[in-house]
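A quick write-up on the structure given underneath.
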Amino acid sequence: MATKIAKPSAELIKRAQGQTTATLHEAGGQIGALPSTIKPVSADWYVCGPALTVLSPPKDNLWLHRALYQGEPGDVMVVDTGSFHEAGYWGEIMTQAAIQVGLAGLVIDGCVRDGKLLEELGMPIFSTGLCIRGTGKSREALGGVNVPIRIGEIWIFPGDLVVGDRDGVCVVPQARIEEVLDKADAREQKEASVIEEIKQGAKTTDLYSFN
């Protein structure tokens with residue numbers, strides 16, 4: 001039976017929509033940046049939603065199948081593969097299933113396959129690349145759904161805010177979402193002001209006191 005997890009409010013998720021990963025990362029104090037190798041399969045994809053975390057054995061995707069049906073509409077599946085990248089953990093069939101569930105997207109520290117079809121289906125997928133190698137489905141392999149996972153230097157907990165864009169993926173701890181969004185809004189306003197001053201002829205070395 002799926003365990004109910006705490007999630008950020010729909011209002012917070014809506015407010016986060018459109019925020020860039022770089023802004024959130026900097027606004028939170030340089031937090032939550034997943035490895036730079038994790039990028040969208042299609043460059044213009046964007047995803048924003050609460051984390052549905054998956055701990056998967058390397059080169060095995062049975063736990064990803066199990067996680068699909070513990071997800072809720074709007075969730076972003078985030079998968080720790082133990083940093084084993086040389087396998088296509090996800091493809092056309094799983095994307096079709098995820099769309100039926102209503103998942104907002106997938107972030108995986110590993111590869112996927114069926115790249116052209118994934119682009120056509122349109123569900124945002126962020127991975128370390130494409131790989132044609134298949135995976136196993138061991139019923140005995142240890143894994144978990146909605147458990148703490150670690151990708152690179154970042155711990156991700158169920159319900160954390162996950163945002164992905166062309167630059168990469170940023171994770172904001174659930175307890176800090178509102179605070180970080182407030183700081184992100186302030187940062188964007190400040191940057192807009194700086195850009196306007198640059199357009200009027202100001203120098204960055206003067207604006208930031210780099211002289």
Quickly rank 114-121, 193-200 as a protection proxy: mean count of other C-beta atoms within 10 Å, highest first.
114-121, 193-200
Between helix 92-101 and the chain, what is the angle of the helix's C-alpha long axis to the longest principal axis, kept within 0 to 90° and rounded to the nearest 10?
70
If the cut-off is 20 Å between C-alpha atoms, which lysines fall inside it for residue 14, apart from same-chain ones fewer than 8 positions away?
183
So the angle from the long Cα axis of helix 177-199 to the longest Cα principal axis of the chain, reported in degrees to the nearest 10, equals 50
Using a 4.7 Å Cβ cut-off, which Cys residues in the chain lack a partner cysteine?
48, 170
Percent RCO, i.e. relative contact order, over the chain, from Cα pairs under 8 Å lying at least 6 residues apart
31
Just the accessible area per residue of the stretch 51-198, please: how many Å² with a 1.4 Å probe?
46
Given 25 °C and 0.890 mPa s, how large is the Stokes-Einstein diffusion coefficient of the chain in µm²/s, with Rh as the Kirkwood radius over Cα pairs?
138
Among 94, 77, 123, whose mean-square fluctuation peaks in a Gaussian network model of the chain (Cα, cutoff 10 Å)?
94
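The values are calculated or read from the model by the stated rules, or taken from the named source; none is laboratory data. What you are looking at is a predicted structure, and each value in this text was computed from that prediction instead of being measured. A quick note on method: Cβ atoms are made from the backbone with ideal geometry, for glycine too, and the neighbour counts reach across all protein chains shown. Remember, those area values only see protein heavy atoms, side chains included, never the ligands or the DNA or RNA. Shrake-Rupley method; radii C 1.70, N 1.55, O 1.52, S 1.80 Å.
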